[in-house]
Every structure is written in C-alpha cells, then in structure tokens.
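> I'd like to ask you about the structure that follows.
Values quoted throughout were computed directly from the atomic coordinates according to the rules given, and no laboratory measurement underlies them. Since the structure is predicted, the reported quantities are computational estimates derived from the model, not experimental observations. Please note: Cβ atoms are built from the backbone with ideal geometry, for glycine as well, and neighbour counts cover all protein chains shown.
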Amino acid sequence: MEFNIFYSHLISIPSMAFLIAVVIKWISSMYESGKFNIKKALWSWWMPSVHSAVVTSLTTAVALKYWVSSDLFAISLGFTVIIIYDAINIRYEAGLHAVAINRLIWEKFKESLGHLPSEAFAWSLLGILTALFLFYI
C-alpha cells in the first residue's frame, strides 16, 4: 500500500467518521428545528448513530490495513459488536424504563436513549464507506 496519511494513523479514520456523523446530525437538527443547536448535534441518542459510524469505520480500517485474519481485527470486531448491541438493545430498553418512570413521578427522564436496528445499520454503512473512501484516496 502506498503512503496514506489516514491509514498511517488509524485514529484519523474513526475521527473523520465522528465528524461526518456529527455534522450530518447538526444539519438535520437545524433542518428540523430551524435554528442552530450544537448541543443537539452532540447528543448521544439522536440520529444518526455516531456510535455505529465510529466503531464500524475503525473495524473496516483495521480489516483493510491488517486483514480480517489479524488479532487486531478480531478485537476491533468484538468492540464494534458490543457498542452496537448497547446502542440498540440496552440503551433502548433504558429509554422504555424512563417512559414508565416518567408516568409514575413528576421528574422527567430522557426517554429516547437508544437506536433502532435500522438506524444503527444505516449509520454503520456511513462508517464503512468513510473507511473505504479514506483507504482509496
């Protein structure tokens, strides 16, 4: 492989995926609300799933640089599965618990905490495409 600044410093791949996902989140929140809201762009529970984009970009980058037979890929893939599982299942269930608690008490907890599987899948594709694009530029 020729010299590629992104693949010489793998941390830049998920960093770029993070920035792209946050910018998309910021633009979509501006479109929805009609006003500038950087806080909403950094929320961890609103679309897109920045979690999914970041971890899949890292795993894809590791696969491209070290191949899927490497131990580093196995570690990265395990990390990715845990993060996406958490975003889809555990945080989603915590949101359902918040709904039930909010019905019982006056204090309001944040109810939308996780992502639907389709949301995590869609933004996982962003991470994969980011890693592939940066690999081939």
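> Assigning unit charges at the beta carbon (Lys, Arg +1; Asp, Glu -1) and nothing else, what dipole magnitude in debye, to the nearest 20, does the chain show about its Cα centre?
On the way: 9 positive and 8 negative charges, 89 e Å.
In total the dipole reaches around 420 debye.
> Which trypsin sites (Lys or Arg not before Pro) from region 66-129 combine a DSSP loop assignment with at most 12 other Cβ atoms within 10 Å? Mind showing how you got there, number by number?
Working: sites: R91, R103, K108, K110; in loops: K108, K110.
Passing both the DSSP loop test and the Cβ count: K108, K110.
> Using θ = phi - 60° and the Karplus form 6.51 cos²θ - 1.76 cosθ + 1.60, what ³J(HN,Hα) does each residue of region 8-24 get, whole Hz, x for Gly and Pro?
Karplus values, whole Hz, x for Gly and Pro: 7, 10, 4, 4, 6, 5, x, 5, 5, 4, 4, 4, 4, 5, 5, 5, 4.
> Extension gain A122-S33, at 0.36 nm per residue separation less the Cα-Cα distance, in nm? Please list the in-between numbers first.
Working: separation 89, 0.36 × 89 = 32.04 nm, distance 2.26 nm.
Contour length minus Cα-Cα distance gives 29.8 nm.
> Now, a different point. Rounded, prolate or oblate: which one fits region 58-137, using the alpha carbon gyration tensor with axes a ≥ b ≥ c (rounded when a/c is under 1.5, else prolate when a/b beats b/c, else oblate)?
prolate
> Another question about this same structure. For the charge dipole of the chain, defined by +1 on Lys and Arg C-beta atoms and -1 on Asp and Glu C-beta atoms about the Cα centroid, which residue among I24, W123, L134 has the Cα displaced farthest towards the positive pole?
The one lying farthest along the dipole's positive direction is I24.
> Shifting gears a bit: Where the convex hull is taken over the Cα atoms of the chain, what is its projected area averaged over directions, in nm²?
9.6 nm²
> Spin-label point model (7 Å from Cα, Cβ direction): what's the N89 to R103 distance in nm?
According to this spin-label approximation, the distance is 2.4 nm.
> Just tell me the longest site-free run in the chain, where the sites are chymotrypsin sites (Phe, Trp or Tyr not before Pro) in a DSSP loop having at most 11 other beta-carbon atoms within 10 Å.
Numbers: sites that count: F3, F36, W67, W106.
The reported range is 68-105.
> Quick one: length gained pulling S70 to F3 fully straight, 0.36 nm per residue minus the C-alpha distance? Please report the intermediate quantities before stating the final value.
Numbers: separation 67, 0.36 × 67 = 24.12 nm, distance 2.08 nm.
This chain segment gains 22.0 nm when fully extended.
> Positive end of the charge dipole of the chain (Lys, Arg +1 and Asp, Glu -1 on Cβ, about the Cα centre): tell me which of A74, H9, V50 has its Cα farthest that way.
Value computed over the given set: V50.
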